[in-house]
Amino acid sequence: MIEIKGVSKRFGDFLALDNVSFNIRNGEIVGYVGLNGAGKTTTIRIAVGVLQPDQGDVLINGYSIVHDKRRASRYIGWVPEQPIFEPDAKALDYFVYLAGYYGYSASEARSLGKKLLEEVGLGNALYKKLKEYSQGMKKRFALAVSMINNPDNYLFDEVLNGLDPQGIAFFRDLAVKFRKEGYAVLFSSHILSEVENIADRVVFIHKGRIIREMNIEEIRALIKPILKIKVDRVDDRIKAILDKYGIINIKAREKIVLIEEPSTDSSEIVGVLVKNGYRVEEVSMVKSSLEKVFFKIIGEER
Amino acid sequence: MIESLTPILYDFKRSFLRLSTLLFLILFTIGGIGTSYLSYNAMITQYPPVNMMALVYEENNTCVFMGIVYDMKGELVDRANIKFNNPVNDSVLADYNVNGNFTINDKGLCKVLKKYVNEEKYSVEVKISTSMGESTLYIRPIEQLPQTNFWPLATRAYITILTKKLPKTISPFPSNIGVPSEIPVAIVWDQLILLSKSSGEAKLVLMALNITNSVNNYKPRFTIEYSFIKSESFTPGMFGFGEVKVPENLSYNLLDELRNEYFGVYSLRLDVNKTDLVLRFKYDNSSSIQTINYELLFPIEAIYAGALSSTAGLGLFVQFFPIVFLYLAYSLMAKPRSIGALEFILARPVTRWDIYLTRYLAGILTAFITTAALVLSVYFGNILLLGTTLDTYSWILLYFGIVGSLIAFYSLFYLLASSIRSSAYLAIGIMFYLLFTLFWNIIILIFALTIGGGFAAYTEYTYLLAYFNPKCSATYSNYYINLHYEIIKEVPTANPLLAVISTILWIIGTFILGYCIFRRINLSS
Ligand SMILES: Nc1ncnc2c1ncn2[C@@H]1O[C@H](COP(=O)(O)OP(=O)(O)OP(=O)(O)O)[C@@H](O)[C@H]1O
Ligand SMILES: [Mg+2]
């Protein structure tokens, strides 16, 4: 359970976070979505305790990251947007070094390191130097390190960004597994569709402020299917005929009829039109995009 | 509680137990050995590392070369090589390998010496080589030795080889003592080596010739006795000793009985409350007295202390080793912070304060341990090289002086490392280093010349401005060691309390200021 409570942060004159509050409950995957520079990374860095908030606090399993960091840090894993390690260290050595902070002896840490690095798919790069790691490998390495203490809270900052399909699938599966185990997981992204099919809930941040929190069902609800039919002519009658199948929108000049959330199959509607003497030239199903929804949400705030 | 301390102890352990610490340890040990060698070298430029007192005599178709070879502490050496050289063309006239106390019979030597010494004095150079070092002496014939006037049967011809001349500040010339004016029966050379001024430990090297040995039917009993007196007003004469009134009723201790030609090294404990050693040379019912003033004698330990603390000794170390701590602060703080690696570490169960403190303490512990390695290697190096060391007071002062100054430098570098980018860190760090070490003397000079006092005030400004330099504690410990051995005079502007306060402020001030910055600084690259 991660509770972000009224966090504000200034960089000089610039207010990067303005009273940001939201929770990530156990067994829940939360998407954290905002445009570039919205403040996602800043929020996450404050939540893991590497950046000091000007105001507010973050509770990890009830422990304050500001006042009780040593304890709070034991319960949180973090995969940074751009993980940075000591470049000249070898992966397993660096893992052993970091595991020491959790009280692991070198030999314990070595076997744990081999196991976890294997688990995240770095089994064949144990002895590579970290500067030879690709961006995706660095993220996997950071994940392995995050799992040292087996915490029940995870913060993934743009973790899917720049990963290959295999990597994306890996992190998605992992998140689902974590959810099943009752962990709290946060995925940040600047693309709504990236988190749409994984998150239970999405928190929208814009210019440092939380503008909306929505369940995934609410978001999906905003995505309406539209039946687009091109006919040989449009007249007054066509609206009357189609009215009972949904909200009708007619573009007379292009001879196009749009039916929002059609109540029945498209073939049935086409059948009705043909029966009434219209010639149907083209039928397609279009979707209002997630990104449109996203911008609409942001726009609403403006 | 224990669980929450584990990461901190771990971070400290990791910061301290690094390859570089081991390298520093080796570096400082080598530095220490180098320092003891350098200070030994600085010492033997002022003082001969080995010395010889010897004589050659010819009698009844034999030629005897006898004497002793001793080091600067008056200890007989194990082995020495003695070469008689013709200084004009550097040819070797005679060559002997001898023990510390030797007698050699070689007719050839007298032939050579007669040829080269008799007419042109000092023309034979005697080179003594030992494992402790080399020294060169010159031969001088004893011309004034009475031969026929009173003791017609005294037929020996003596040639002495005197101890090497020493600078006036170190020891008076070897004095020709105990030649009884009325009955010349013996001749004595001496050299008094003061080891420690505080304890009065000294060595008296003596050569005495009982010339009555060769006089038929006259065998008086000779004894040498000694005592101490405090001379009222000592006026150094041309030969390093003045006229001293010796009371009639002075009681003496027996030093030795004189038999034939005789060489001896005696360990004496000089009375530190008195000023002169009195030697009484007794035979039959007559006696003659000679005094040796040791008030102005420069003790060996002071020569060593002076050499050790000079710029040729530990001064060199204090000048250059802050660089090591510049690097340490760089690798522990500046570099990982700048590349952003510290941020990922900070996501472990440690706080910023923990990281700041543990890496600082790792540097401090390094300073303590490497300085211990340095001081110990200097200590053992000097025991091996010359068998003399400073007293405990001076070693403690030396140790804390160096540790204090290295920690002050480290604190300054750590402040820079926690607050500025690593590229700028090296440049600014080196600038500060140069300012406080190489350029500092120029700054003192500028102060002395512009603010007042001129060159004469240089020393006073040295101690006044030292408070503004992280080197302060080293400067002051050096000052007090030199003062302790009376190598230098008290400087009115030197204030030990301010020196201690200055060092503490250098350390604590930079540490706190550094944390104030580090606490808020952005750790991502
Ligand atoms: N160290 C810093 N100093 C000054 N400004 C900063 C700093 N870190 C972040 N900012 C500013 O704060 C704002 C939020 O940055 P943040 O990195 O949190 O955005 P983000 O939502 O993660 O963006 P992105 O999607 O590009 O990762 C940005 O305008 C950024 O310029
Ligand atoms: Mg970001």
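The values are calculated or read from the model by the stated rules, or taken from the named source; none is laboratory data. This structure is a prediction, so every number in the text was calculated from the model and none was measured. Heads up, the Cβs are rebuilt from the backbone with ideal geometry, glycines too, and the neighbour counts pull from every protein chain shown. Protein only, heavy atoms only, side chains kept; ligands, DNA and RNA dropped before computing areas. Shrake-Rupley method; radii C 1.70, N 1.55, O 1.52, S 1.80 Å.
Some observations on this one:
- All positions within region B:1-44 that are within 14 Å of chain A (Cβ to nearest Cβ) and polar (S, T, N, Q): B:Ser4, B:Thr6, B:Ser15, B:Ser20
- Inter-residue pairs, beta-carbon under 8 Å, first of a type outside the set (Ser, Thr, Tyr) and in region B:508-520, second outside any helix (DSSP H, G or I), 6+ apart: B:Arg519/A:Gln52; B:Arg520/A:Gln52
- Condition check for A:Ile168: away from ligand 1 (no atom under 16 Å from the Cβ) and in a loop (DSSP other than H, G, I, E, B): no
- Within region B:489-525, being outside any helix (DSSP H, G or I) and surrounded by 14 or more Cβ atoms within 10 Å (Cβ to Cβ) holds for B:Val491, B:Thr493, B:Ala494, B:Asn495, B:Ile521, B:Leu523, B:Ser524.
- Residues of region A:82-109 that are within 16 Å of ligand 1 (Cβ to nearest atom) and open to solvent by less than 10 Å² (accessible area, probe 1.4 Å): A:Pro83 alone.
- One residue stands out among those in region B:300-337 that are surrounded by fewer than 20 Cβ atoms within 10 Å (Cβ to Cβ) and within 14 Å of chain A (Cβ to nearest Cβ): the one that is farthest from A:Gly49 (Cα to Cα), which is B:Ser331.
- Those strands (runs of 3 or more DSSP E) of region A:212-266 in which 3 or more residues are surrounded by 14 or more Cβ atoms within 10 Å (Cβ to Cβ) and hydrophobic (A, V, I, L, M, F, W, C) occupy A:225-231, A:256-260.
- A residue that is closer than 24 Å to B:Ala347 by Cα and either more than 16 Å from ligand 2 (Cβ to nearest atom) or assigned to a loop (DSSP other than H, G, I, E, B) (or both) cannot be found anywhere in region A:199-206.
- One residue stands out in region A:58-92 among those that are in a strand (DSSP E or B) and within 23 Å of B:Leu5 (Cα to Cα): the one that is farthest from the other protein chains (Cβ to nearest Cβ), namely A:Leu59.
- Restricting region A:2-13 to residues that are at pLDDT 95 or above and of a type in the set (A, V, I, L, M, F, W, C), the residue that is farthest from ligand 1 (Cβ to nearest atom) is A:Ile2.
- Enumeration of residues in region B:90-106 that are hydroxyl-bearing (Ser, Thr, Tyr) and within 15 Å of B:Ile68 (Cα to Cα): B:Tyr96, B:Thr103
- Qualifying residue in region A:226-236 (condition: closer than 30 Å to A:Gly37 by Cβ and either within 18 Å of the chain's Cα centre (by Cα) or modelled with pLDDT under 85 (or both)): no
- Candidates in region A:1-26 are the residues that are more than 21 Å from A:Asn197 (Cα to Cα) and without any contact (Cβ under 8 Å) to a residue 40 or more places away in the chain; of these, the one that is farthest from ligand 2 (Cβ to nearest atom) is A:Asp13.
- When the criteria are applied in full, A:Asn276 meets the requirement of being open to solvent by less than 70 Å² (accessible area, probe 1.4 Å) and either more than 16 Å from ligand 1 (Cβ to nearest atom) or among the hydroxyl-bearing types (Ser, Thr, Tyr) (or both).
- In region A:5-39, the residues that are open to solvent by 10 Å² or more (accessible area, probe 1.4 Å) and closer than 19 Å to A:Asn153 by Cα: A:Lys5, A:Ser21, A:Asn23, A:Arg25, A:Asn26, A:Gly27, A:Glu28
- Test result for A:Lys90, of a type in the set (Lys, Arg) and closer than 21 Å to B:Ile521 by Cα: no
- For B:Glu486, the stated conditions hold: it is of a type in the set (Asp, Glu), touching a residue at least 12 places away in the same chain (Cβ under 8 Å), part of a loop (DSSP other than H, G, I, E, B) and surrounded by fewer than 22 Cβ atoms within 10 Å (Cβ to Cβ).
- All conditions but one from (1) more than 9 Å from every other protein chain (Cβ to nearest Cβ); (2) more than 16 Å from ligand 2 (Cβ to nearest atom); (3) modelled with pLDDT of 95 or more apply to A:Tyr104; the one that does not is (3).
- Of all residues in region B:338-352, those being in contact with a helix residue (DSSP H, G or I) (Cβ under 7 Å, 6 or more places away or on another chain) and open to solvent by 10 Å² or more (accessible area, probe 1.4 Å) number 3.
- Among the candidates A:Leu174, A:Leu117, the residue that is away from ligand 2 (no atom under 16 Å from the Cβ), over 18 Å from the mean Cα position of the chain (by Cα) and in contact (Cβ under 8 Å) with a residue 12 or more places away in the chain is uniquely A:Leu117.
- Residue within region A:69-81 that is more than 25 Å from the chain's Cα centre (by Cα), buried (at least 24 other Cβ atoms within 10 Å of the Cβ) and over 21 Å from B:Lys335 (Cα atoms) present: yes
- Extreme residue, nearest to A:Leu290 (Cα to Cα), among residues of region A:179-194 that are open to solvent by less than 10 Å² (accessible area, probe 1.4 Å) and away from ligand 2 (no atom under 14 Å from the Cβ): A:Leu192
- Pairs where the first residue, in region A:27-43, is near ligand 1 (Cβ under 6 Å from one of its atoms) and the second is assigned to a loop (DSSP other than H, G, I, E, B), C-beta under 6 Å, 6+ apart: A:Asn36/A:His190; A:Gly39/A:Gly208; A:Lys40/A:Gly34; A:Thr41/A:Glu81
- Test: residue in region A:33-48 that is part of a strand (DSSP E or B), closer than 18 Å to A:Val202 by Cβ and within 16 Å of ligand 2 (Cβ to nearest atom): yes
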